[in-house]
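Let me begin by presenting the structure, written as structure tokens, before commenting on it.
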Amino acid sequence: MVKRENKTIKMITTNEEEILEKLVAADHTFRKLNEVINFAEIASPYYALYSEIGAKGIDILKGFKCLLVQFWEDYSDRQMESALRENVAVKWFCGFELLETTPDHSYFGKLRKRLGVKNIADIFNKTNEILRKQGLFGDTFKFIDASAVITKSALWAERDRAIKDGLEKLDNAVVAKYAADKDARWGAKSKNKIWFGYKRHCSVDMRFGLIDKLAVTPANVPDFRALPDVCPQNQMVFMDKLYDTKKSDLILLANGCAAGTIRKNNNKNKNRGLDCWRSGVRMPFEGTFSKLRKRTRYRGKLKVLFENFGLAICHNLKKAVKILPMPIGA
């Protein structure tokens, strides 16, 4: 009787992969994603992050796919832990077997720290290279803009401590002393749109709306000051009035770019008809910024930058999955 039970258990273990494969729908998005991107190739340089000495850890390919799903679905670390345990599609995509033990929530923070901003930026660029080869980047017209990333809605307790210390107000000059996030600052798009946190600066390719370059700054940094970090080479660049500065024009000129900037009303070179056309051309791509998360889960510029590279990778891959046909024989 004992032998028969052991044989049954062995059969289930042997067929785990086959059973899991059947449980995932044939038209599931994650199946097509596996066909669009060779994740093993992308993850291969990062095996060196883990030592081969000692207890065997979780495969870096599995770990990276976990992070990808986390940003894709906007999961917290605990939600990602539950998804890996309960969602067969997530388990299958990340490379875990049906009955295999999956990591707990603490693993994902450790992986993000070990991977780091430089590596996630490299992965973002490598992913874009793959998508570029598949024709998803036009590399002729770019739309550059900045959007708010909120780290905390209200700082009343921090303000009260500042006043208690004899300060008249809690402003950007002193907020780092009192706020939990030392890198965050107040920013404003207008009198009514004020937030505490960061700015996400993106260069969006105007063929299919994929993000080509990305930078993060404290919210009080003027938009045009981040232009060198996201400016393309030898393309036409569309931007709003906040980029209408002499410095912006010089940066575009130095990069061989043509200016599609909407000019300020006091600019003597303003052409209202031309600006109206420029506004209409860029309008379909403004939605890119509304689709990215407006609140960050993290504190500190580097962590927020890591998060936004992850979000940008997922934004581009979601576009690719919708646009590209499923490869023949897949």
Check every one of the helices (runs of 4 or more DSSP H) wholly within region 77-164 and list those with 2 or more residues that are of a type in the set (D, E, K, R). 77-86, 106-133, 156-164
Condition check: of a type in the set (A, V, I, L, M, F, W, C) and farther than 25 Å from Thr296 by Cβ. Does Ala89 satisfy that? yes
Across region 32-44, what is the number of residues that are over 18 Å from the mean Cα position of the chain (by Cα) and without any contact (Cβ under 8 Å) to a residue 24 or more places away in the chain? 3
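Residue check: is Leu68 out of contact with any strand residue (DSSP E or B) (no Cβ under 6 Å at 6 or more places or on another chain), under 25 Å from Arg297 (Cα atoms) and modelled with pLDDT under 90? Reasoning before the result, please.
On the way: out of contact with any strand residue (DSSP E or B) (no Cβ under 6 Å at 6 or more places or on another chain): yes; under 25 Å from Arg297 (Cα atoms): yes; modelled with pLDDT under 90: no.
Spelling it out, it is not the case that Leu68 is out of contact with any strand residue (DSSP E or B) (no Cβ under 6 Å at 6 or more places or on another chain), under 25 Å from Arg297 (Cα atoms) and modelled with pLDDT under 90.
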Hits in region 82-128 - residues which are acidic (Asp, Glu) and modelled with pLDDT under 95: Glu86, Glu97, Glu100, Asp104
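Kindly indicate whether Ala154 is out of contact with any His (no Cβ under 7 Å at 6 or more places or on another chain) and among the small types (Gly, Ala, Ser).
In short, yes.
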Collect the residues in region 184-197 that are surrounded by 20 or more Cβ atoms within 10 Å (Cβ to Cβ) and not in a strand (DSSP E or B), keeping them in residue-number order. Ala184
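Yes or no, residue by residue, for (1) surrounded by 15 or more Cβ atoms within 10 Å (Cβ to Cβ); (2) touching a residue at least 24 places away in the same chain (Cβ under 8 Å); (3) polar (S, T, N, Q):
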position	(1), (2), (3)
Phe141	yes, yes, no
Lys152	yes, yes, no
Ala157	no, no, no
Leu167	yes, no, no
Just the residues that are outside any helix (DSSP H, G or I) and free of Cβ contacts under 8 Å to residues at least 24 places away in the same chain, please, taken from region 299-330. Pro325, Ile328, Gly329
If we ask which residues in region 226-242 are within 21 Å of Arg185 (Cα to Cα) and modelled with pLDDT under 95, their number turns out to be 1
Please go through region 240-258 and give me each residue that is of a type in the set (A, V, I, L, M) and closer than 14 Å to Ser203 by Cβ, ordered by number. Ile251, Leu252
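The values are calculated or read from the model by the stated rules, or taken from the named source; none is laboratory data. Owing to the predicted nature of the structure, the values given are computational and were not obtained by experimental measurement. Note: ideal-geometry Cβ built from the backbone for every residue, glycine included; neighbour counts use all protein chains shown.
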